[in-house]
Amino acid sequence: MYSSEEIRKRFLKFFQERGHQIVPSASLIPLDQTVLLTSAGMQQFVPYLSGEKSVLQDFKSRHLTSSQKCFRTLDIDSVGDDIHHTFFEMLGNWSIGEDSKKGYFKAGAIELALDFFIQELGLNKDKLWVTVFKGNEFIPEDEESIQIWQKNGIPLERIKEFGEKDNFWIAGDTGPCGPCSEIHYDRGSEFGCDSLDCGPNCPHCDRFVEAWNLVFMEYEKDQKGNYHKLSQKNVDTGAGLERLTAILQKKKSSFETDLFVGIIKKMEEVVQQKYEDQKRIFRIISDHIRGIVFLIAEGILPSNVERGYILRRILRRSIRYGQIIKAPGDFLLLLAKEVIKKYSSFYPELEEKQEEINKVIRKEENKFNQTLQRGLKEFDKLMISNPKIIGAKEAFKLYQSYGFPLELIKELARERKVGIDQEGFERELKKHQEISRKGSKAKFGGVDREAGYMATKLHTATHLLHQALRVVLGKQVQQMGSDINAERLRFDFFHNTKMDSEEIDHVERMVNQKIEEDLKVKKEEMSYQEAVQSGALAFFKEKYPEKVSVYSVGSFSKEICAGPHVKHTAELGKFKIIKESSSSAGVRRIKAVLLK
Ligand code: SER
């Protein structure tokens, strides 16, 4: 029986032996900030898939493979069933920019997928069914794939056609996209239903498990909703490691595979109850604890906005479920330790962040515990009058005063079989956000200033980054360019080789260290000559005026710069490098963000 580690390893090796470069998982914080968290393996390759950047400039091959950390909030309510997860890993292979000699497209992708499943993993070919795109008003039926599957021994009876919802793939609303063809694995009639048309995507049962999605990316969707042919053809595939492991280990649910047994066993031990008796709660907590560990390891902290709020929701939900099953106070820490143990060999960053992970969990537990019991009492009070529905104002009070995320309020309502005015709640939330937006507008003097404040912080972060790079990589590091917007900083600098993950980590840690030291940022005016003599860094391409401003951050960094900058580094929050790549020969590029 293959372990999940073995499956991941075999997948990457299989594609490496067939000319693919193994690319490390990208951060869960995506480079293009159109989505909050990375939800597919292809996201780090979008500029190459769309043809905006040449893949051979940054990679050794146009054929790539990876195991990508992913997080999908969309499935949060389905967690607890056999196969849904928030955090999961996606195995994938890519062929970027097909040309007849060097790339592969439909036939190549299909043959490789079948080879991996059948020759490499030994899956029974008779159990494989496939789905293909039946076409719509813009894009024709994918007849070519049907023929290729047949040629490779999948009979027509096991090839099913579906529409856009199932067999056309795009990440979000715009960007590279195309018809896809999926391999589904038939787990046998004991998992099935009696419906005559039971097959892949059966709405009544989960006899057929979607095991691998092969996307044939040759279109791009623009903001108006129109499709254009891309200048190149690409293959983008994705197979969920959790599901594949369940298939190979012959388990009904991925929660019963080795990816989860350690966590679930630990939970049985600490709460002295059996998984079989508390399946749903055990599954939710063991799903969420993986997400909690991986999100905190990315530097995300619980908050009420964006990524921080996703983390807060899964943390608070786990804390509350922990209380229901009477788990001891430190149970999340014990489970986090199991997650780290399971994943550290492939994701070494987890072990390095162990302390931080514990600190964040403990702090959030303390914070939530202060209000949880009072909030539950408040909720019980609401129930006294036997309402049919919880009103918007009441729900919002639970959110606002007691820190209950919406899911928790919904769950409590479901348990007591009452409804909740969700629309009203959303309206209250918007109203409240509007008020606080106006508040911060008043504080900084205008909407642009709000974005401006983030850019200001990123300016200061750029100085810290520049200096940290010089400490870690050497004094030859020199700024070649800098670009800052309200979301991220981009910094180009002289350096001959790609930074390894240790160097990136070191730089990131150093910047965060300086932020935590809360250094004072000081501005002085002097002549260019004086500035350079005092050791201030200058951006050599620039022409400087008679008098220049010199910004010092504590005694750590000193640069000639026109600003603007913050007054104290603690204002910056948490610094995170999201990408290190080549910009041009001998010049590296770093993109980084500040997290709340
Ligand atoms: N991008 C596709 C998916 O996420 C294939 O990798 O399913």
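The values are calculated or read from the model by the stated rules, or taken from the named source; none is laboratory data. Here the structure is a predicted model, which means the values were calculated and not measured. Here Cβ is always computed from backbone atoms with ideal geometry, including for glycine, and neighbour counts include all displayed protein chains. Heavy atoms of the whole protein, side chains included, go into the accessibility calculation; ligands, DNA and RNA do not. Shrake-Rupley method; radii C 1.70, N 1.55, O 1.52, S 1.80 Å.
Per-residue HN-Hα couplings for region 53-59, Karplus 6.51 cos²θ - 1.76 cosθ + 1.60 at θ = phi - 60°, whole Hz, x for Gly and Pro?
10, 7, 5, 6, 6, 10, 10
Can you give me the long-range amide H partners of TRP212? Hydrogens built in the peptide plane at 1.01 Å from N, cutoff under 5 Å, separation of 5 or more residues or another chain.
Residues meeting the amide H criterion: ILE183.
Show ILE324, ILE296, ILE484, ILE384 ordered by accessible area, largest first, where the area counts protein heavy atoms only and the probe is 1.4 Å.
ILE384, ILE324, ILE484, ILE296
Rounded to whole Å and ordered largest first, report the semi-axes of the equivalent ellipsoid of region 59-105 derived from its Cα gyration tensor (root of 5λ).
Rounded to whole Å, the semi-axes are 33, 10, 8.
Give the carbon-plus-sulfur fraction of the accessible surface of region 457-595 in %, rounded to a whole number; probe 1.4 Å, heavy atoms of protein chains only.
For region 457-595, the apolar C and S fraction of the accessible surface comes to 47 percent.
Let me know the charge dipole size of the chain about its Cα centre in debye, to the nearest 20, where only the beta-carbon of Lys, Arg (+1) and Asp, Glu (-1) is charged.
1840
Run the helix sum for the chain: -39,500 (n - 2.57) per DSSP H stretch of 4+ residues, divided by residue count, reported at 222 nm to the nearest 500 deg cm²/dmol.
Estimated from H runs of four or more residues: -13000 deg cm²/dmol.
Return one whole number: the accessible area per residue of the chain in Å², for a 1.4 Å probe.
47
Run through every distinct alpha carbon pair of region 452-596 and return the Kirkwood hydrodynamic radius in angstroms, one decimal place.
One over the average 1/r among Cα pairs gives 15.2 Å for region 452-596.
Once the cut-off is 15 Å, how many percent of the Cα-Cα pairs in region 77-172 end up in the long-distance tail?
72
If amide hydrogens are placed 1.01 Å from N in the peptide plane, which non-local residues have theirs closer than 5 Å to the one on SER482?
Answer set, sorted by chain and number: ASP492.
List the lysines whose Cα lies under 16 Å from the Cα of LYS567, skipping any in the same chain that are fewer than 8 positions away.
LYS443, LYS457, LYS514, LYS520, LYS522, LYS523, LYS558
MET454 accessible area, nearest 10 Å², 1.4 Å probe?
Counting only protein heavy atoms, MET454 exposes about 40 Å² to solvent.
Return the carbon/sulfur percentage of the accessible area of region 54-97, one whole number, probe 1.4 Å, all protein chains in place.
On region 54-97, the fraction of accessible area on carbon and sulfur atoms equals 52 percent.
Work out, step by step, the length gained on full extension between VAL418 and GLU352: first 0.36 nm times the residue separation, then minus their alpha carbon distance; give nm to one decimal.
19.3 nm
Keeping all protein chains in position, work out how much accessible area HIS568 exposes to a 1.4 Å probe, and write it in Å² to the nearest 10.
So the heavy atoms of HIS568 present about 70 Å² to solvent.
Apply the Karplus parameterisation 6.51 cos²θ - 1.76 cosθ + 1.60, with θ equal to phi minus 60°, to every residue of region 460-475 and state each ³J(HN,Hα) to the nearest whole Hz, in sequence, with x for glycine and proline.
After applying 6.51 cos²θ - 1.76 cosθ + 1.60, I find 5, 4, 5, 5, 5, 4, 4, 5, 4, 5, 5, 6, 7, 9, x, 5 Hz.
Quick one: if you stick a label point 7 Å off each Cα along the C-beta vector at LYS60 and ARG280, how many nm between them?
About 5.0 nm separates the two model spin labels.
Please identify the chymotrypsin sites (Phe, Trp or Tyr not before Pro) of region 507-592 that satisfy two criteria: DSSP loop assignment and at most 10 other Cβ atoms within 10 Å. Which are they?
Those satisfying the criteria are PHE540.
Could you give each residue of region 327-342 its phi-based ³J(HN,Hα) in whole Hz, using Karplus coefficients 6.51, -1.76, 1.60 with θ = phi - 60°, and x for Gly or Pro?
Those phi angles translate into 6, x, x, 9, 4, 5, 5, 5, 5, 4, 4, 4, 4, 4, 4, 5 Hz.
Compute the orientation-averaged projected area for the chain from the convex hull of its Cα atoms and round it to one decimal in nm².
Projected area, direction-averaged: 30.2 nm².
Starting from the amide H of LYS160, placed 1.01 Å from N in the peptide plane, find each other amide H under 5 Å away whose residue is 5 or more places distant or on another chain.
VAL130, THR131, VAL132
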